[in-house]
Amino acid sequence: MIRAGLRRLLVVFGLTVAATTLLGLAVGPLLGNSVQRSIAVGYMLGGCFVMLIGVASGMRGWGSPSDLERAHAASERVASAGVLLAIGFVLVLMGIGLDPRSAIL
């Protein structure tokens, strides 16, 4: 069961990275940026967007009554929000690491 969950997590992360890369490659050169800078900005913007979705999905429905079914749905919602926040954070870090304008060292 853990292996299947990790596989799904990697698929979601891979699809997110691929979509963000393609979007950065499509929009960045039109704005006059280099390919590396375009991908880096795409990762940073995509990561911020995914984190925003994670926060929005985690904040939804906190005031509902706490019967067992709703408690399970709330815990699942918080877990999904955590996964989205983690994916977004990794995307932002990838963008910072790839950006030629940022000096990490």
Original post:
Can you name the number of the only condition in (1) modelled with pLDDT under 90; (2) closer than 11 Å to Met94 by Cα that Ala40 fails?
Top reply: (1)
Original post:
When segment 8-42 is examined, which residues are found to be of a type in the set (D, E, K, R) and open to solvent by 60 Å² or more (accessible area, probe 1.4 Å)?
Top reply: Arg8
Original post:
Considering Val78, Val27, which residue is farther than 24 Å from Arg101 by Cβ, modelled with pLDDT of 80 or more and within 20 Å of the chain's Cα centre (by Cα)?
Top reply: Val78
Subject >> Residue count, segment 3-14 (criterion: within 14 Å of Val90 (Cα to Cα) and among the hydrophobic types (A, V, I, L, M, F, W, C)) >> reply: 4
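The values are calculated or read from the model by the stated rules, or taken from the named source; none is laboratory data. The shown structure was predicted, so the numbers you read here are calculated from the model rather than taken from an experiment. Neighbour counts run over all protein chains shown; Cβ positions are idealised from the backbone, glycine included. These accessible areas exclude ligands, DNA and RNA; they are computed on the full protein's heavy atoms, side chains included. Shrake-Rupley method; radii C 1.70, N 1.55, O 1.52, S 1.80 Å.
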